[in-house]
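**Q** Below are the structure tokens for one structure; questions will follow.
The values are calculated or read from the model by the stated rules, or taken from the named source; none is laboratory data. Owing to the predicted nature of the structure, the values given are computational and were not obtained by experimental measurement. Cβ: placed from backbone, ideal geometry, glycine included. Neighbour counts: every protein chain shown.
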Amino acid sequence: MKDKNKKQLNKDLGEKNADQNNKEGELDSTKESLPESENNNTEEKENKLENQNSKSQDEAESKDIVVINKNVSEDAKWYVVHTYSGHENKVALSLKERVEATGHSDKVFKIFLPHQQKIVVSEGKKRSVNEKLFPGYIVVLMEMNDDSWYVVRSTPGVTGFVGMGSTPTPLPETEVQTLIQFAKMEAPRFEAKFRVGDSVKVNDGPFKDFLGKVDEVNEEQGKVKVLVSVFGRETPLELSFTQVSQL
């Protein structure tokens, strides 16, 4: 009796496994029978989504972007807007408030103000400043039509769009992303107060109070090569910006 039950159980298990294998085989054949174009479309959508997420992450990490609406239209493009020089931040905030107040946040999405960190050396002291890359300009991500054009153009401090004639010209997306990445660079650049041929005085180090002339300027490292007279011969010294001062 036990042997009979055991045989019946084995038979049932065998039939169950066979049914499962048949279903898996049907599923595999269904996948294989999918049109190649449908598979390609799926891959393209996934790649596009990954690129959009990457862009959104890059832009979110940039402190130079004022976000009005994160849900950006597919028809939105970046446009360069001319402003009064020195009023870029004020114009950006006014534009954001104006867009939200007039209900145009479905047309105007982001404002980009490119900046760069620089170290300014003055009177032997270093200080970090946030310098505008393009004074007098902001970059706006928007879907262009008559209403959105008017909202931006009539914002106090805006003097017009950049483009051919009266038609605003959008910037290429790659160009904007390059600017965003550049603005995110953490290593600050030195602002050179010196030029080749300038007469300077060494104010620190073993050659303190020596006079010389600037032979080379390295903005990235914040250094200058100065030629000083030692024993009647010109001797090159590599000094930081803080070690010399202009005469």
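**Q** Of all residues in segment 198-246, which are more than 29 Å from Gln116 (Cα to Cα) and either basic (Lys, Arg) or assigned by TED's automatic domain parsing to the domain that holds Gln116 (or both)?
**A** If the condition is that a residue be more than 29 Å from Gln116 (Cα to Cα) and either basic (Lys, Arg) or assigned by TED's automatic domain parsing to the domain that holds Gln116 (or both), then Lys201, Lys208, Lys213, Arg233 are the ones that fit.
**Q** Next question, about the same structure. For segment 143-151, state whether one or more residues are among the β-branched types (Val, Ile, Thr), in contact (Cβ under 8 Å) with a residue 60 or more places away in the chain and closer than 30 Å to Phe109 by Cβ.
**A** First pass over segment 143-151, keeping only residues among the β-branched types (Val, Ile, Thr): 151.
Pick out the ones that are also in contact (Cβ under 8 Å) with a residue 60 or more places away in the chain and you get none.
For segment 143-151, residues among the β-branched types (Val, Ile, Thr), in contact (Cβ under 8 Å) with a residue 60 or more places away in the chain and closer than 30 Å to Phe109 by Cβ: absent.
**Q** Still on this model: Take the residues in segment 193-230 that are surrounded by fewer than 16 Cβ atoms within 10 Å (Cβ to Cβ) and among the small types (Gly, Ala, Ser); name whichever of them is nearest to Ser240 (Cα to Cα).
**A** The selected residue is Gly205.
**Q** Let me ask something additional. If you go through segment 237-247 one residue at a time, how many are in a strand (DSSP E or B) and surrounded by 12 or more Cβ atoms within 10 Å (Cβ to Cβ)?
**A** The number of residues fulfilling the criteria is 6.
**Q** Let me ask something else about it. Restricting the search to segment 213-237, which residues are basic (Lys, Arg) and modelled with pLDDT under 85? Explain how you work it out, then say what you get.
**A** The initial filter retains those residues of segment 213-237 that are basic (Lys, Arg), namely 213, 223, 225, 233.
Once the filter is applied, which keeps residues that are basic (Lys, Arg) and modelled with pLDDT under 85, segment 213-237 yields Lys223, Arg233.
**Q** Can you tell me which residue in segment 70-97 is nearest to Pro168 (Cα to Cα), limited to those that are free of Cβ contacts under 8 Å to residues at least 60 places away in the same chain and surrounded by fewer than 18 Cβ atoms within 10 Å (Cβ to Cβ)?
**A** The qualifying residue nearest to Pro168 (Cα to Cα) is Glu74.
**Q** Can you name every residue in segment 134-147 that is under 20 Å from Glu88 (Cβ atoms) and either surrounded by 17 or more Cβ atoms within 10 Å (Cβ to Cβ) or in contact with a Leu (Cβ under 7 Å, 6 or more places away or on another chain) (or both)?
**A** Tyr137, Ile138, Val139, Val140, Leu141, Met142
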